[in-house]
Amino acid sequence: RAATLFGTSGPNGEAKANAAIKSLFNEAQQVLSFPNACRSGSDTVGQLWGILHRTVSQMQVPLVQQLIDALVREDQDRISLYAKAVVPQMSSCAASTYRRLKEDLLDRTYDLTKFVDVLGDLQSSYDCLGFSCDDVGAYKTDKVAQCAELPINFPMAEYSPTSHVHLVSCY
């Protein structure tokens, strides 16, 4: 449902996030299938840790999509449900963004006049959560536009990278 609302279905109709999650499960299965996978000295744990974090990130995509849908429709019950799943994940991102979202979505009843601010805070956290604006898509294409990605060479700590490092820098 979320992929349909946000235009993030693949050519076969499957949500791109679901396809990515299945691919990550297959990757984990492959890592565990090696003969020395569980022996001392192998790098299996490190590989699985990375796969796990990418899987959790992909699992957040439909939750964020559903949260945005609930915000637009002013469905207080679903806002509460999806905010409880998404907002705590942001506590490891920017503390100020987390506090604002916690106050606006968890501590009080959602106020529609705060939609633009809440959406901006959500979108600013995508990198930290491990996914992109493209992963989330645009809500009904004419209701809420897809957010803009940071440029590849956007400076971080006075360093201008030559390749996209923002997703990696959040882990």
Quick one: accessible area per residue over region 30-82, 1.4 Å probe, rounded to a whole number of Å²? 58
Taking 25 Å as R0, compute the FRET efficiency from the Cβ-Cβ separation of Arg39 and Cys133 and round it to 0.05. 0.05
Region 11-117: GluC sites (Glu not before Pro) in DSSP loop, at most 16 other beta carbons within 10 Å: Glu14, Glu74
Please go through region 1-94 and write out the trypsin sites (Lys or Arg not before Pro) that DSSP classes as loop and that have at most 16 other C-beta atoms within 10 Å. Arg1, Arg39
Loop-resident sites, region 95-133, for trypsin sites (Lys or Arg not before Pro), counting at most 12 other Cβ within 10 Å (DSSP): Arg108
Given a Förster distance of 35 Å, report the FRET efficiency between Asn12 and Gln76 from their Cβ-Cβ distance, rounded to the nearest 0.05. 0.50
Debye, to nearest 20: dipole size of region 1-120, +1 on Lys, Arg Cβ, -1 on Asp, Glu Cβ: 220
Partners for Lys102 among lysines (Cα-Cα distance below 30 Å; same-chain residues under 8 apart left out): Lys16, Lys84, Lys114, Lys140, Lys143
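The values are calculated or read from the model by the stated rules, or taken from the named source; none is laboratory data. Just so you know, these numbers come straight off a predicted model, no measurement behind them. Glycine gets a Cβ as well: all are built from the backbone with ideal geometry, and neighbour counts include every protein chain shown. Side chains included, ligands, DNA and RNA excluded: accessible areas come from the protein's heavy atoms. Shrake-Rupley method; radii C 1.70, N 1.55, O 1.52, S 1.80 Å.
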